[in-house]
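Q: First the structure, which I've put down as structure tokens, then a few questions once you've had a look.
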């Protein structure tokens, strides 16, 4: 009986010794020092032990974290669906507006054709376009030019207008057999005759080596309003009329600037306007 009581007291003493009181703290401190000493003497032993523990514990960690990952993915899917629904609603509204503009354009086209027939107006030959890739950017603080991968072999000539998908970006100033140099509209040496739509006011758009060119040679009472559309006027014979350029913006210094439609920083391909008339395209009914 006494032996049984002594065994039970020893069994109870072991957990108390290991996990309770100062004795337990002293024990774990010695154990930690032994592990630290072993890591200094044989790092591979502790490294292998760490890897082994990680291999054992990793399935448990993965199992515990999986529900949280599923919850996060669920929230992500829900927010993604909400964004898709909002985008779908916006696209439907834009599609409806585009249909209205399409019907308006068809009406204007029919009216324009009727007036042309009535006036026996001679229609200009449509322009041809040469597509080229931007292969280098030579722009710096003083010169704003780019190099495109097309030249004389493709029919490009000096002073041809250069467009991006959004609008005009510059003109050709140098042509090789397989490449051409383009002076951007923002360059200080750039000068383009333009027309302000809505007011029929003509002006010269001059580059400033900044992102926004300015309008020059305009009368004080021109009546130009903000966000008026700027297009090429066709004066001088270098550029065809009607090429889109940008919109009028009031600058801090009081001048009228032009916010360009196209940003050259994002342009990878351009279209070069070939204004030369091809005899094969000229028809007798023009």
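The values are calculated or read from the model by the stated rules, or taken from the named source; none is laboratory data. From a predicted model like this one, the values you see are computed outputs, not experimental measurements. Note that each Cβ is placed from the backbone with ideal geometry, even for glycine, and that neighbours are counted across all protein chains shown.
Q: Filter the stretch 235-261 down to the residues that are modelled with pLDDT of 90 or more and part of a loop (DSSP other than H, G, I, E, B), then identify the one that is farthest from residue 201 (Cα to Cα).
A: 261
Q: For the stretch 205-222, which positions are free of Cβ contacts under 8 Å to residues at least 24 places away in the same chain and crowded, with 18+ Cβ neighbours inside 10 Å?
A: Answer for the stretch 205-222, where residues must be free of Cβ contacts under 8 Å to residues at least 24 places away in the same chain and crowded, with 18+ Cβ neighbours inside 10 Å: just 206.
Q: On to the next question. The conditions are (1) surrounded by fewer than 17 Cβ atoms within 10 Å (Cβ to Cβ); (2) under 18 Å from residue 163 (Cβ atoms), and residue 239 fails exactly one of them. Which is it?
A: Residue 239 satisfies all of (1) surrounded by fewer than 17 Cβ atoms within 10 Å (Cβ to Cβ); (2) under 18 Å from residue 163 (Cβ atoms) except (1).
Q: Now, a different point. Among the residues of the stretch 184-209, how many are in a loop (DSSP other than H, G, I, E, B) and closer than 12 Å to residue 233 by Cα? Spell out the reasoning first.
A: Filtering the stretch 184-209 down to residues in a loop (DSSP other than H, G, I, E, B) leaves 185-190, 197-200, 207-209.
Narrowing further to those that are closer than 12 Å to residue 233 by Cα: 197, 200.
Total satisfying the criteria: 2.
Q: Could you please let me know if residue 187 is surrounded by fewer than 15 Cβ atoms within 10 Å (Cβ to Cβ) and either more than 14 Å from residue 273 (Cβ to Cβ) or touching a residue at least 24 places away in the same chain (Cβ under 8 Å) (or both)? Before the answer, list the steps.
A: Numbers: surrounded by fewer than 15 Cβ atoms within 10 Å (Cβ to Cβ): no; either more than 14 Å from residue 273 (Cβ to Cβ) or touching a residue at least 24 places away in the same chain (Cβ under 8 Å) (or both): yes.
Judged against the criteria, residue 187 is not a match.
Q: Which residue pairs have Cβ atoms under 8 Å apart, sit 6 or more places apart or on different chains, and have a first residue in the stretch 225-248 that is on the phi > 0 side of the Ramachandran plot and free of Cβ contacts under 8 Å to residues at least 60 places away in the same chain and a second that is outside any strand (DSSP E or B) and buried (at least 20 other Cβ atoms within 10 Å of the Cβ)?
A: Hits for this filter: zero, empty list.
Q: Residues being surrounded by 10 or more Cβ atoms within 10 Å (Cβ to Cβ) and modelled with pLDDT of 70 or more: count how many of those fall in the stretch 59-69. Give the derivation first.
A: Residues of the stretch 59-69 that are surrounded by 10 or more Cβ atoms within 10 Å (Cβ to Cβ), as a first pass: 61-62, 65-66, 69.
Within this subset, residues satisfying the condition of being modelled with pLDDT of 70 or more are 66.
Qualifying residue count for the region: 1.
Q: Determine if the stretch 88-98 includes at least one residue that is at pLDDT below 75 and surrounded by 10 or more Cβ atoms within 10 Å (Cβ to Cβ). Steps first, please.
A: Looking only at the stretch 88-98, we keep the residues that are at pLDDT below 75, and these are none.
So far as the stretch 88-98 goes, no, none of its residues is at pLDDT below 75 and surrounded by 10 or more Cβ atoms within 10 Å (Cβ to Cβ).
Q: Picking from 195, 185, which residue would you name as being within 22 Å of the chain's Cα centre (by Cα) and at pLDDT 85 or above?
A: Just one listed residue meets the conditions, 185.
Q: So, one more: Just to be sure, is residue 181 surrounded by fewer than 18 Cβ atoms within 10 Å (Cβ to Cβ), in contact with a strand residue (DSSP E or B) (Cβ under 7 Å, 6 or more places away or on another chain) and part of a strand (DSSP E or B)? So that I can check it myself, show each step before the final result.
A: Values: surrounded by fewer than 18 Cβ atoms within 10 Å (Cβ to Cβ): no; in contact with a strand residue (DSSP E or B) (Cβ under 7 Å, 6 or more places away or on another chain): yes; part of a strand (DSSP E or B): yes.
Criteria not met by residue 181.
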